[in-house]
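Input: a single structure, listed below in structure tokens.
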Ligand SMILES: Nc1ncnc2c1ncn2[C@@H]1O[C@H](COP(=O)(O)OP(=O)(O)OP(=O)(O)O)[C@@H](O)[C@H]1O
Ligand SMILES: [Mg+2]
């Protein structure tokens, strides 16, 4: 099954050609980050306009790189939520036009499902593909969830954040430290030069079910940076201590969820899964408990269309050209 997948839910315009849900023939990503940096976050109107400017070029590049003609496609897949409505509409319109023109099915995909299915794309032997049921820690700019995946398209949410998402906390803390946007990669890098024990942050809700709360750590950082300047720790120490607190809670709850539910595999998904410490600590802690820990390559962690193509291939859905964007689509 040859799928052209399109993803425009936030600030990345992406198109990919995916064969049989696993082989990525192309995965073109045009990021708008440089345009949004000066505003300290994503401006929805700017995002929608930028998608319009590049969507056709990105699709053409994806098809050219894959060496596939439109007539060889079996279906067109597109993210229809959750995300920014103005951004989603651009991808949806392009996907509808292509599907209608070709007379091929249009498959709507939930962006969060796409993040989970990044784990099926990886170029690893099929013996290492995730086996059901497995636990997925989905950590991104807008979501933080522990999901038990019972089969293709069968999700059981065990826990979620009660306030900020982990990525959102990274972005807000980076802004407080004057490190710019997006915060995740820059804090990840700076933390390598800092002492993770320099600042004592509590580990919120560590022993309290599978839900998360990250706004308290963010407020603790606010209080620290507002101290008299001689009492403010080095930014690298704040970054390292903040990251350690966030990663400790994410890893602990994920491993505990796998052990409690009898799942032998743990997977990682979403933009924050690009975090070097989260990847290393989850692997060490999970494997220490005898779990198989699967982590997608970096390029499939943040927003990309290949993951949308994988989800569309494995989770069959009825085709409809009536598909509309759903900003707060649930898993
Ligand atoms: N190395 C990293 N360490 C920590 N966080 C990171 C890293 N790289 C990216 N991030 C964070 O990942 C988030 C972006 O992830 P993603 O693109 O999946 O989010 P989104 O698509 O905006 O949200 P959602 O997927 O919930 O709709 C940002 O908050 C960013 O700071
Ligand atoms: Mg995302």
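The values are calculated or read from the model by the stated rules, or taken from the named source; none is laboratory data. Please read all numbers here as calculations on a predicted model, not as lab measurements. A quick note on method: Cβ atoms are made from the backbone with ideal geometry, for glycine too, and the neighbour counts reach across all protein chains shown.
Mind listing whichever residues of segment 192-226 are more than 30 Å from residue 148 (Cβ to Cβ) and in contact with a strand residue (DSSP E or B) (Cβ under 6 Å, 6 or more places away or on another chain)? Scanning segment 192-226 gives no hits.
Tell me, please, whether a residue that is within 17 Å of residue 140 (Cα to Cα), within 16 Å of ligand 1 (Cβ to nearest atom) and buried (at least 16 other Cβ atoms within 10 Å of the Cβ) can be found in segment 254-264. Within segment 254-264, one or more residues are within 17 Å of residue 140 (Cα to Cα), within 16 Å of ligand 1 (Cβ to nearest atom) and buried (at least 16 other Cβ atoms within 10 Å of the Cβ). Of everything in segment 275-308 that is part of a helix (DSSP H, G or I) and within 15 Å of ligand 2 (Cβ to nearest atom), the residue that is surrounded by the fewest Cβ atoms within 10 Å (Cβ to Cβ) is 298.
Among residues that are under 12 Å from residue 305 (Cα atoms), under 19 Å from the mean Cα position of the chain (by Cα) and modelled with pLDDT of 95 or more, residue 3 is not included. Of all residues in segment 29-39, those satisfying the criterion of being over 30 Å from residue 70 (Cα atoms) and surrounded by 15 or more Cβ atoms within 10 Å (Cβ to Cβ) are 35, 36. Scanning for something within 16 Å of ligand 2 (Cβ to nearest atom), closer than 20 Å to residue 196 by Cβ and touching a helix residue (DSSP H, G or I) at 6+ places or on another chain (Cβ under 6 Å), does segment 251-265 turn up at least one residue? Taking every residue of segment 251-265 in turn, none turns out to be within 16 Å of ligand 2 (Cβ to nearest atom), closer than 20 Å to residue 196 by Cβ and touching a helix residue (DSSP H, G or I) at 6+ places or on another chain (Cβ under 6 Å).
Return yes or no: is residue 269 within 16 Å of ligand 2 (Cβ to nearest atom) and under 21 Å from the mean Cα position of the chain (by Cα)? So residue 269 fits the description; yes. Of all the numbered requirements in (1) under 25 Å from residue 123 (Cβ atoms); (2) in contact with a strand residue (DSSP E or B) (Cβ under 6 Å, 6 or more places away or on another chain); (3) surrounded by fewer than 18 Cβ atoms within 10 Å (Cβ to Cβ), residue 317 misses one, and that requirement is (1). Pairs are defined by a Cβ separation below 7 Å, a sequence spacing of at least 6 or placement on different chains, a first member in segment 142-166 that is over 27 Å from residue 243 (Cβ atoms) and in contact (Cβ under 8 Å) with a residue 12 or more places away in the chain, and a second member that is within 16 Å of ligand 2 (Cβ to nearest atom) and assigned to a loop (DSSP other than H, G, I, E, B); the pairs so defined are 155/331.
Suppose we filter segment 120-139 for residues that are modelled with pLDDT of 95 or more and within 16 Å of ligand 2 (Cβ to nearest atom); how many remain?
Of the residues in segment 120-139, 4 are modelled with pLDDT of 95 or more and within 16 Å of ligand 2 (Cβ to nearest atom).
Reported count of residues in segment 5-36, each being more than 13 Å from ligand 1 (Cβ to nearest atom), touching a helix residue (DSSP H, G or I) at 6+ places or on another chain (Cβ under 7 Å) and at negative phi, is 14. Anything in segment 27-55 that is touching a residue at least 60 places away in the same chain (Cβ under 8 Å), away from ligand 2 (no atom under 16 Å from the Cβ) and under 21 Å from residue 300 (Cβ atoms)? List them, or say none. Within segment 27-55, just 28 meets the criteria. Going by the structure shown, is residue 50 surrounded by fewer than 24 Cβ atoms within 10 Å (Cβ to Cβ) and either touching a helix residue (DSSP H, G or I) at 6+ places or on another chain (Cβ under 8 Å) or closer than 28 Å to residue 120 by Cβ (or both)? Against the criterion (surrounded by fewer than 24 Cβ atoms within 10 Å (Cβ to Cβ) and either touching a helix residue (DSSP H, G or I) at 6+ places or on another chain (Cβ under 8 Å) or closer than 28 Å to residue 120 by Cβ (or both)), residue 50 qualifies.
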